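Enquirer: I have a structure I would like to understand better, so I am pasting it below and will then ask my questions one at a time.
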């Protein structure tokens with residue numbers, strides 16, 4: 001069964017304090033690993049898709065990386081507006097989509 | 001472009017009542033999805049559609065029905081609501097492409113449903 005585990009559950013950073021969010025997974029035949037951002041009371045917003053180990057993608061202060069067992073979302077010099085819940089999801093050969101429970105990020109001044 | 005819209009935003013039902021949640025998208029996407037989000041459980045797929053007139057079961061389909069009579073609309077029905085169906089429901093849509101099913105998805109704002 002496909003599994004996604006995100007850590008930490010919650011993370012508090014000061015503005016400018018870089019860190020990484022972790023998404024550990026087990027899947028049969030990875031077809032895609034996705035990162036979404038979700039603000040309170042809103043639907044998730046797509047950030048990245050990664051398809052194979054070694055792949056990296058960047059968007060502003062965010063960089064997603066992928067290994068055979070984990071994906072990391074690196075946040076460089078975060079700002080308060082980066083505060084949100086970040087969700088990891090994946091799909092494999094079973095064509096199911098499995099979401100993690102997310103990491104709640106708070107960035108303070 | 002409104003993107004993905006959901007109606008209603010909030011609803012309170014009594015056990016046994018029925019209701020329909022409406023999802024509409026104006027991006028001409030082929031794929032549409034219904035999810036529920038519960039604390040500590042992550043998003044779970046209820047049903048999905050790969051095109052007008054087609055529907056398929058997701059991870060947690062029991063107690064729900066769906067219809068996709070028009071490409072831009074995807075309806076989620078609860079025939080006899082139960083307290084276990086108290087949740088936040090999200091609709092999403094995506095285009096066909098290299099990523100296939102579950103390609104970059106665009107989500108609606110959600111419907112918060114409480115079943116008493």
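Enquirer: Could you run the Debye sum over the Cα atoms of segment B:6-116, one equal point scatterer each and no solvent, and tell me log10 of I(q)/I(0) at q = 0.20, 0.21 Å⁻¹, two decimals?
Expert: -1.02, -1.12
Enquirer: Radius of gyration and Dmax for chain A's Cα atoms, expressed in Å?
Expert: Final numbers for Rg and Dmax: 13.3, 44 Å.
Enquirer: Take the protein assembly as shown, compute every pairwise Cα distance, and split them into 10 Å bins from 0; I just need the percent in each bin.
Expert: All Cα pairs considered, the percentages come to 8, 33, 35, 20, 4, 0.
Enquirer: Could you work out the relative contact order of chain B, using alpha carbon pairs under 8 angstrom and six or more residues apart, expressed as a whole percent?
Expert: Reported as a whole number, the value is 35 percent.
Enquirer: Hey, another quick one. Given the options A:52, A:24, A:95, which has the most mean-square fluctuation in a GNM of chain A, springs set between C-alpha atoms less than 10 angstrom apart?
Expert: In this elastic network of chain A, the residue with the biggest mean-square fluctuation among A:52, A:24, A:95 is A:95.
Enquirer: Still on this structure: If the elastic network links every pair of Cα atoms under 10 Å, which of B:49, B:93, B:80 fluctuates the most in the Gaussian network model of chain B?
Expert: Of B:49, B:93, B:80, the most mobile in the Gaussian network model is B:80.
Enquirer: Choose one answer from A:85, A:65, A:93: the residue with the largest mean-square fluctuation in a GNM of chain A with alpha-carbon springs under 10 Å.
Expert: Most flexible of the set in this elastic network: A:93.
Enquirer: Now for a separate question. Counting other beta carbons within 10 Å of each Cβ, put B:106, A:48 in order, fewest first.
Expert: Result, fewest neighbours first: B:106, A:48.
Enquirer: Can you sort B:36, A:37 so the residue with the fewest Cβ neighbours within 10 Å comes first?
Expert: The fewest-first ordering by Cβ neighbours comes to A:37, B:36.
All of the numbers you see were taken from the coordinates with simple rules; none came from a lab. All values derive from a computational prediction rather than experimental measurement. Cβ sites come from the backbone with ideal geometry, for glycine too, and all protein chains shown count toward neighbours.
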